[in-house]
Amino acid sequence: TDKEGIVIDCNKRIEEVLGYKKHEIIGFKIDKLIFPDDLNSAYDNIVKVFEHGYTKNIEYRMVHCDGRVIDVLVNSSSLSNNLNEPESTICLVDDITGFRSITREIEEQSERLRELSQHIEKVREEEKSRIAYLIHDEIGQELTILKLNLKLLADEIELKSKPVMEYIKQINLT
């Protein structure tokens, strides 16, 4: 492209990536190729290429000739004229749509796994609490019944043996 973002030349690869024939884009502004939301960034990067000589690994969305949006990775360098002044850019465009799609899917799966893990942990904690409550209630009830039975046993049977009565009192107090 030139400094105004007009395509001045391209190779056959543009046809493979975006479906355009060479004659369909030469002389046109990049507005035809870049997804509208990414246009400002694309023009900013053209300025950077002319100021710094290159840009690396810039992600854009471009529009395929059939209207599909393609994720691309662009590396650009400035080309200089005979006076060693930058006058155009050369851009290498790689289609990363498949890679982006897989990356998004992995991120979504990771999020689902995080949510599932959190849910499992919550259920585990709730189950621990429920079991602890049940154990406490059941053991507490059984101990109360046992103490009552011991008390009734001690009251109904006249025990003459002090050691047995002391043992029953110890059990009843604990």
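Okay, here's what the table says:
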{"read-out": "Sequence-distant residues sharing a close amide H with I34 (under 5 Å, placed H)", "value": "V63"}
{"read-out": "GluC sites (Glu not before Pro) restricted to DSSP loop in region 67-161 with at most 14 other C-beta within 10 Å", "value": "E158"}
{"read-out": "Magnitude of the charge dipole, region 1-142, Cβ model with Lys/Arg +1 and Asp/Glu -1, debye to 20", "value": "540"}
{"read-out": "Reachable aspartates and glutamates, given that their alpha-carbon falls under 14 Å from the alpha-carbon of K21 and they are not under 8 places away in the same chain", "value": "D9, D66"}
{"read-out": "Label selected from (i) 59, 13, 11; (ii) 86, 17, 10; (iii) 39, 22, 17, the criterion being semi-axes √(5λ) of the Cα gyration tensor in Å as computed here", "value": "(ii)"}
{"read-out": "Longest to shortest principal axis, alpha-carbon extents of region 1-82, angstrom", "value": "36, 26, 18"}
{"read-out": "Surface per residue (accessible, 1.4 Å probe) for region 50-137, Å²", "value": "75"}
{"read-out": "Rounded, prolate or oblate (a/c below 1.5 giving rounded, otherwise prolate when a/b exceeds b/c) for region 12-57 by Cα gyration tensor", "value": "prolate"}
{"read-out": "Accessible area of the chain belonging to carbon and sulfur atoms, whole % at 1.4 Å probe", "value": "56"}
{"read-out": "In range of the label at D66: residues from region 18-43 whose backbone nitrogen is under 14 Å from the point 7 Å along Cα→Cβ", "value": "18-20"}
{"read-out": "GNM top mover of I120, I90, I58 - the chain, alpha-carbon springs below 10 Å", "value": "I120"}
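The values are calculated or read from the model by the stated rules, or taken from the named source; none is laboratory data. Note that this is a predicted model, so its numbers are computed, not measured. So basically every Cβ, Gly included, is an ideal-geometry build from the backbone, and we count neighbours across all protein chains shown. The accessibility values were calculated without ligands, DNA or RNA, using every heavy atom of the protein model including side chains. Shrake-Rupley method; radii C 1.70, N 1.55, O 1.52, S 1.80 Å.
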